[in-house]
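Single-structure report; data block below.
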Amino acid sequence: MLDQFSRTELLLGKEAIEKLNKSKVAVFGIGGVGSFVVEGLVRVGVGNFILVDDDKVCLTNLNRQIIATHKTIGKYKVDVAKERIVDINPNAKVKTYKEFFMPESEDIIDKDTDYIVDCVDTVTAKVELVMRANKLNIPIISSMGTGNKLDPTRLEVTDIYKTSICPLAKVMRKELRTRKINKLKVVYSKEEPIKIDETMDSSCKNSCICPPGTKRKCTIRNQVPGSISFVPSVAGLIISGEVIKDIIGK
C-alpha cells in the first residue's frame with residue numbers, strides 16, 4: 001500500500017524508513033540553514049525532532065528561510081517549524097525550546113538523541129554543542145558560514161581541520177583545538193566571502209518583531225552579512241542528507 005514515504009522507500013528500503021521514523025534529531029538554529037535541514041529530514045521520514053531557537057520570524061528572513069512568509073512574521077520560528085513538520089507528517093513528534101542556546105542551557109539533549117545539527121551563529125554555542133555531543137557520544141554536524149556567498153556549488157562536506165577560506169571555520173578550528181576535539185563534520189563553502197559595503201538601517205523600520213528580552217535582537221547594528229535564497233538552503237539540504245546517511249548507515 002502506498003504512503004507518503006513510498007518513493008523514498010524505493011531508494012532506501014523499508015528497514016531504513018522504519019529506523020528513520022524512530023530516530024530523534026535535535027536541530028539548533030531554525031534559520032536559513034536550519035529551516036531547510038528540518039525540511040529535508042521530515043520529508044525523508046525522521047519521526048522525532050527537537051527544535052531550539054529563541055528567535056521570531058522577521059521580515060528580513062523572507063529572502064532565505066523556508067518557514068518565513070508574511071503570515072508567519074512575528075511568530076516563534078520553532079512554533080512555525082513544528083506546525084510545518086506536522087503538516088508534512090502528522091505522526092511526527094516535535095519538542096520545541098524557545099531559548100538562545102548557551103553553555104548554561106540544560107535538559108535539551110540526552111542520550112536518546114540520535115543526531116545533533118548545529119546551525120547556530122555564535123561560536124560559544126557551536127563549541128558547547130560539540131563538547132556536549134562528544135561527552136554524550138552523539139553524532140554532530142555543524143554548518144559554517146553561508147553569508148556573503150553566491151555559489152552553492154562551492155559547498156562541501158569535510159572535517160573542520162580540512163577547511164579553508166571560511167572565517168567562521170578558522171575560529172572554530174582554533175577553539176576546538178584548544179579543547180582537544182580532534183574531529184567535527186562540517187558543511188562549509190570554499191567561496192571567498194563577497195565584500196559588503198552597505199549597512200542596514202539600525203531600526204529595521206519596525207519590520208522586525210523580536211521576543212522580549214532576547215539576547216539576539218533583529219535590530220541591526222553595524223554591518224550584517226548579505227544572504228540569498230540558494231546558498232543557505234543548499235547547505236541545509238546537504239546537512240539533512242548527511243544526517244540521513246549516517247543514521248541509516250549508508
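We did not get these values from a lab; they are worked out from the coordinates using the rules stated. Not measured: the values here are computed from a predicted model. So basically every Cβ, Gly included, is an ideal-geometry build from the backbone, and we count neighbours across all protein chains shown.
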With only helices counted (DSSP H, runs n ≥ 4, each -39500 (n - 2.57)), the per-residue ellipticity at 222 nm for the chain, to the nearest 500, works out to -10000 deg cm²/dmol
Taking a straight Cα-to-Cα line shorter than 27 Å from residue 174, and setting aside same-chain lysines fewer than 8 residues away, one finds 126, 135, 149, 162, 183, 185, 190, 195, 215
Taking only the alpha-carbon positions of the chain as identical scatterers, the Debye log10 I(q)/I(0) at q = 0.10, 0.14, 0.15, 0.17 Å⁻¹ comes out as -0.47, -0.94, -1.09, -1.40
Ranked output for segments 128-139, 38-49 by mean other Cβ atoms within 10 Å, highest leading, reads 38-49, 128-139
At the level of C-alpha centres, the distance separating segment 87-166 and segment 56-79, in angstrom, is 20 Å
Exposure-ranked with fewest Cβ neighbours within 10 Å first, 173, 7 stand as 7, 173
Computed for segment 9-126: size of charge dipole around the Cα centre, +1 on C-beta of each Lys and Arg, -1 on C-beta of each Asp and Glu, debye to nearest 20, value 420 debye
Rg from C-alpha atoms of segment 1-105, normalised by the globular rule of thumb 2.2 N^0.38 Å, equals 1.13
Magnitude of the Cβ-charge dipole (Lys and Arg +1, Asp and Glu -1) of segment 6-248 about the Cα centre, nearest 20 debye, reported as 280 debye
Counting only DSSP beta bridges fully inside segment 16-103, the antiparallel percentage to nearest 5 is 10 percent
Per the charge dipole of segment 6-248 (beta-carbon charges, Lys/Arg positive, Asp/Glu negative, Cα centre), the residue among 37, 125, 232 reaching farthest to the positive end is 125
Here the percent of antiparallel bridges among DSSP beta bridges lying wholly in segment 6-248, to the nearest 5, is 25 percent
Ordering 113-119, 156-162, 81-87 by per-residue average of other C-beta atoms within 10 angstrom, highest first, gives 113-119, 81-87, 156-162
